[in-house]
Amino acid sequence: MVSHGAGDLLNRCLVSLRKYPASIPMRVTVVDSGSPDDTPDMVERDFPEVRLFRRENIGFSAANNVVLDEVAAGGARLALLLNPDTEVYEGSLDAAVRRIDGGKSIGMVGIKLITESGELDHACKRSFPTPLAAIGHFTGIGRLPGAPAALSQYRAIELDEDEAGDVDAVNGAFMLIRRDALLEVGPLDDGYWLYMEDLDWCRRFHDEGWRVFYEPAGTALHVKGGSSPKRRRPKQEIAFHRGMGRFYRRFDAPKSPALLNFAVYLGIAAKLAVSLAITAIRGR
């Protein structure tokens, strides 16, 4: 788990792990990435069983890789990336473990994530974005009931929220991976400071022949955006849009026409400009 402030949420998450541990031996590690408050002190004081690493704010991917590098070097056979704004429920971890152990070709498992309002966090099962699906998602058209498949494709609508199955991607808030897959795919790309690193990782899992699986038999609360402000700060907005560009440049641009690539990059830049303008107007 990577923390950067939001100590109250992290406390709730750690309490849930203490209350509902996996039935197999597990070790919980928190990598504190430059929290500006007493979050790491809270972990050290209230959760002595949790291993704590203190780091500067090195970014989400790099902080996760502190532990993933250990796993690759000979640590546990499974590793779970869990956001501090989640809470696991009884059986959540075991459901994911059963699924990944049930198929040798499964390299990653995500579970059903529910928001505080009780609704599905649709990012817990996703398809890789196309330019058209991205337009549908960010304009909100693709999120409307009955939206055309081309516009709603990002939400993996072909798989019901209570239906287990293979997906393109799961949410970085809960990613259970097997070490064998990690050795082939490698850790998270720390070129992503924050955002989009989970989609990139899932894409690389697929490229190496590993299945990514959605398992709704396990459920967790996800206080979506709980560990960051309701509206992203300028640095976070820039990181988000840079991540979009990095993902497209790596996986889609090489096989796309130059004119389409230009349009995509122009669209990302325009969306960033609008987002920064809204943030400035709202005084954030």
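Computed from the coordinates by the stated procedures, all read-outs in this text should not be read as laboratory data. A quick note: this is a predicted structure, and the numbers were derived from the prediction, not measured. Cβ sites come from the backbone with ideal geometry, for glycine too, and all protein chains shown count toward neighbours.
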Complete set of residues in the range 92-142 that are in a helix (DSSP H, G or I), of a type outside the set (A, V, I, L, M, F, W, C), over 20 Å from L182 (Cα atoms) and out of contact with any helix residue (DSSP H, G or I) (no Cβ under 7 Å at 6 or more places or on another chain): S92, D94, T139
Qualifying residue in the range 56-67 (condition: over 27 Å from R99 (Cβ atoms), in contact with a helix residue (DSSP H, G or I) (Cβ under 9 Å, 6 or more places away or on another chain) and among the hydrophobic types (A, V, I, L, M, F, W, C)): yes
The range 82-138, residues that are under 17 Å from the mean Cα position of the chain (by Cα), surrounded by fewer than 21 Cβ atoms within 10 Å (Cβ to Cβ) and of a type in the set (S, T, N, Q): T115, S127
Among residues of the range 9-44, those that are surrounded by 12 or more Cβ atoms within 10 Å (Cβ to Cβ) and assigned to a helix (DSSP H, G or I), counted: 16
Positions within the range 45-63 being more than 17 Å from M26 (Cβ to Cβ) and not in a strand (DSSP E or B), in sequence order: R45, D46, E56, N57, I58, G59, F60, S61, A62, A63
